[in-house]
Amino acid sequence: MINMNTQNKIISNIRKELKENIDIKYKKNSYNFFKEKINPIGVRVPIVRKVAAKYFLEIKALDKKDIFNLCEKLLSSGYDEERVIAFDWAYRVRKQYTKGDFKIFEEWLKRYVSNWAACDDLCTHSFGYFIFQIGR
């Protein structure tokens, strides 16, 4: 089990790296793509995905429960880029999914999916894979 200090350090490092990659013009233009309210930091998606991959290397040996807890911390921030990282990590542990994970994905869907981009990230990857695998 990952301790709180380690969790906080990982989240803090991610946030620092995201802030170092803010593109103000991109952030301003992001609002044109959504009717719904969004909360971008202003980091381009390819960079966010690189950050997700980089930090996943630090956590990949953790228990799925610990990874999902880190995902929840990222999701609860309300920032779009942190949501992208959380849903990316959830998909990366897809081979460990169990039937009980349905409740987690359902809760994330209800709480954190409020636009098409969030829906794409969760539903076409983690949740979609879950339903395909478990439904067999």
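The values are calculated or read from the model by the stated rules, or taken from the named source; none is laboratory data. These numbers were taken from a predicted model, which means no experiment stands behind them. We place every Cβ from the backbone using ideal geometry, glycine too, and count neighbours over all the protein chains shown. Surface areas here come from the heavy atoms of the whole protein model, side chains and all, with no ligands, DNA or RNA. Shrake-Rupley method; radii C 1.70, N 1.55, O 1.52, S 1.80 Å.
Given only helices, namely DSSP H runs of n ≥ 4 each adding -39500 (n - 2.57), what is the per-residue ellipticity at 222 nm of the chain, to the nearest 500 deg cm²/dmol? Intermediate values should be presented prior to the final figure.
On the way: 8 runs with 90 residues, N = 136.
That comes out to -20000 deg cm²/dmol.
Write down the accessible area per residue of the chain in Å², having rolled a 1.4 Å probe over the full set of protein chains.
Numbers: 8190 Å² over 136 residues.
Per residue, the chain has 60 Å² of solvent-accessible surface.
Might you report the magnitude of the Cβ-based charge dipole of the chain about its Cα centre, with Lys and Arg at +1 and Asp and Glu at -1, to the nearest 20 debye? Could you put the intermediate results ahead of the total?
Values: 26 positive and 17 negative charges, 26 e Å.
Rounded to the nearest 20 debye, it is 120 debye.
At a temperature of 37 °C and a viscosity of 0.692 mPa s, determine how fast the chain diffuses translationally according to Stokes-Einstein, using the Kirkwood radius over alpha-carbon pairs as Rh; express D in µm²/s, rounded to the nearest whole number.
Working: Rh = 15.3 Å.
D, rounded to a whole number, is 214 µm²/s.
By how many nm would the segment from residue 63 to residue 98 lengthen if fully extended, with 0.36 nm per residue of separation less the alpha-carbon distance?
Working: separation 35, 0.36 × 35 = 12.60 nm, distance 1.31 nm.
Length gained, residue 63 through residue 98: 11.3 nm.
With the full set of protein chains in place, find how many percent of the accessible area of the chain is carbon and sulfur; take the probe as 1.4 Å. Walk me through the numbers before you get to the answer.
Values: 4360 of 8190 Å².
C and S fraction of accessible area: 53 percent.
Return the subset of 65/99; 27/110; 60/99; 37/64; 64/99; 9/73 for which the Cα-Cα distance in this structure is over 19 Å, preserving the input order. Let's see the in-between values first.
On the way: 65/99 14 Å; 27/110 25 Å; 60/99 21 Å; 37/64 31 Å; 64/99 13 Å; 9/73 12 Å.
Among 65/99; 27/110; 60/99; 37/64; 64/99; 9/73, the Cα-Cα distance tops 19 Å for 27/110; 60/99; 37/64.
Semi-axes of the equivalent ellipsoid of the range 55-107: what are they in whole Å, largest first, if each equals the square root of 5 times a C-alpha gyration tensor eigenvalue? Please list the in-between numbers first.
Numbers: eigenvalues 55, 41, 15 Å².
Listed largest to smallest, the semi-axes of the range 55-107 are 17, 14, 9 Å.
List the residues, sorted by chain then number, that are 5 or more residues from residue 41 or on another chain and whose placed amide H is less than 5 Å from its amide H.
The list, which skips near neighbours in sequence, is 80, 81.
List, in order, the whole-Hz ³J(HN,Hα) value for each residue of the range 17-34 obtained from phi through the Karplus relation with A = 6.51, B = -1.76, C = 1.60 and θ = phi - 60°; use x for Gly and Pro.
Computed from phi, the couplings for the range 17-34 are 5, 4, 4, 5, 10, 5, 10, 4, 4, 4, 4, 4, 6, 4, 5, 6, 8, 10 Hz.
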